[in-house]
Amino acid sequence: MSSSNSVTVQILDKEYSIICPPEERNNLVGAARYLDGKMREIRSSGKVIGADRIAVMAALNITHELLHRQDRPEAASGGATREQVRDLLERVDQALSDDPVSKND
């Protein structure tokens with residue numbers, strides 16, 4: 001890959017140049033921002049000192065979030081989907097009750 005595929009991201013006040021495919025650039029930048037935010041939260045708590053330890057704690061927290069979402073997929077997307085289905089069913093019921101053809105059957 002050429003240097004044109006290199007992306008520079010900043011994590012906890014340090015710059016990192018990372019080579020990635022152009023189509024993954026936005027995902028990489030988003031991941032770096034997310035990681036930077038998590039590391040800053042940990043650093044600002046004052047409970048963890050040292051960039052290495054902060055990075056490990058951030059990795060553990062992010063991994064915990066990911067595993068928790070995998071254990072409960074309905075919490076991440078199913079809740080909204082259930083609401084949407086419920087809303088659609090209510091609309092269908094309303095439309096059927098307002099339909100003069102269905103009242104004659």
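The values are calculated or read from the model by the stated rules, or taken from the named source; none is laboratory data. What you see is a predicted model, and the numbers here were worked out from it, not measured in a lab. Ideal geometry is used to build each Cβ from the backbone, glycine not excepted, and the neighbour counts take in all protein chains shown. Accessible surface is based on the protein model in full, side chains and every heavy atom, while ligands, DNA and RNA are left aside. Shrake-Rupley method; radii C 1.70, N 1.55, O 1.52, S 1.80 Å.
Tabulated results
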| item | result |
| --- | --- |
| Number of the condition not met by Arg69 [criteria: (1) open to solvent by less than 100 Å² (accessible area, probe 1.4 Å); (2) in a helix (DSSP H, G or I)] | (1) |
| Positions within the stretch 40-54 being part of a helix (DSSP H, G or I), more than 10 Å from Leu12 (Cβ to Cβ) and small (Gly, Ala, Ser), in sequence order | Ser44, Ser45 |
| All positions within the stretch 1-23 that are in a helix (DSSP H, G or I) and open to solvent by 80 Å² or more (accessible area, probe 1.4 Å) | Ser3, Ser4, Pro22, Glu23 |
| Any pair with Cβ under 8 angstrom, 6 or more apart, that starts in the stretch 40-62 at a residue that is open to solvent by less than 60 Å² (accessible area, probe 1.4 Å) and at pLDDT below 95 and ends at one that is of a type in the set (Lys, Arg) and not in a loop (DSSP other than H, G, I, E, B) | Ala51/Lys14; Ile54/Arg43; Ala58/Lys38; Ile62/Lys38 |
